[in-house]
1. I'd like to check which helices (runs of 4 or more DSSP H) are fully inside the stretch 69-175 and have at least 2 residues that are outside the structural domain of LEU51 (by TED's automatic domain parsing), at pLDDT 60 or above and under 26 Å from GLU187 (Cα atoms).
2. Could you grab me the full set of residues in the stretch 28-60 that are in contact (Cβ under 8 Å) with a residue 60 or more places away in the chain and either surrounded by fewer than 19 Cβ atoms within 10 Å (Cβ to Cβ) or within 15 Å of THR80 (Cβ to Cβ) (or both)?
3. From the set of residues in the stretch 174-216 that are among the polar types (S, T, N, Q) and within 24 Å of the chain's Cα centre (by Cα), which is farthest from GLY149 (Cα to Cα)?
4. I want to confirm something. Restricting to the stretch 211-251 and keeping residues that are touching a Phe, Trp or Tyr at 6+ places or on another chain (Cβ under 7 Å) and without any contact (Cβ under 8 Å) to a residue 40 or more places away in the chain, which single residue is surrounded by the most Cβ atoms within 10 Å (Cβ to Cβ)?
Amino acid sequence: MTVLIFEDETLAADKLHSLLEDVDNSLKVVGVLKSVEDAVLWLRENEHPDLIVSDIRLLDGLSFEIFRQVQVDRPVIFTTAYDQYAIKAFETNSIDYLLKPIQKEKLAASIDKFRRVAGKEQTLHYDQVLKMIESRDKEYKMRFMIRNGNKILAVPVEKIAYFYSQNKLTYIVTHDDKKYPYDQPLEAIDQQLDPKVFFRANRKYVVKFDAICEIHPYFKGRIKINLNPEAEDEVVISSEKTPEFKLWLDQ
């Protein structure tokens, strides 16, 4: 079995190489690349390996950029120092992930997992992970300033249950069932909210975790959620977005 390593730290690469040999001496490391640029060039000029082990951060950027530039249908084990929350987004889309420092037992388990699914088509969906990683240290909005008659009112995020749009207008609904118009679209609001706490359920609703009071299976693989305070519309999450929603719930 051939293995290609993407790792920009020499000591970490050497350690990983040694661990791979300890786990299975039949594994053959065919290259160690330190940058996105070098990895892209290698993949374009060589036969792809059976398995890629890739750090998320390389010398010149995030390794996800490699898979934007080159079509790769081989499984990937990502290594990272990021916490489990950031990684949950792609647990089901790549073979596995390993938190640094890498432990031999967990590497062995990842290799075993790879062998079990070898030959099956693999698709890397990294955009969601990239978004979560880039926003990990972002500062999120703490309050929303709204016009309430002739007054300006500050509504803390803690008091907000959800946002929704209706007839091209956006509204804030608080936990005590007060509704305020707000002058930004949901697309802009969504970027200002902590993704651990709020979820873009569909094109009309951005909901807060503790505003969800019931979750029901719905037609064709969709999910219906009930909110408190009660929403004016049915809040339905599409079948395409359902896996993302389940990962968000299971933080």
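The values are calculated or read from the model by the stated rules, or taken from the named source; none is laboratory data. These numbers come from a predicted model, not from an experiment. Neighbour counts are summed over all protein chains in view; Cβ atoms, including those assigned to glycine, are modelled from backbone coordinates with ideal geometry.
1. Of the helices (runs of 4 or more DSSP H) lying wholly inside the stretch 69-175, none has at least 2 residues that are outside the structural domain of LEU51 (by TED's automatic domain parsing), at pLDDT 60 or above and under 26 Å from GLU187 (Cα atoms).
2. First pass over the stretch 28-60, keeping only residues in contact (Cβ under 8 Å) with a residue 60 or more places away in the chain: 50-51, 56.
Scanning the stretch 28-60 gives ASP50, ILE56.
3. Pass one, the stretch 174-216, residues among the polar types (S, T, N, Q): 174, 184, 191-192, 202.
Retained after the next criterion (residues that are within 24 Å of the chain's Cα centre (by Cα)): 191-192, 202.
Numbers: GLN191: 27, GLN192: 25, ASN202: 30 Å.
Restricting to residues being among the polar types (S, T, N, Q) and within 24 Å of the chain's Cα centre (by Cα), the top hit is ASN202.
4. ILE237
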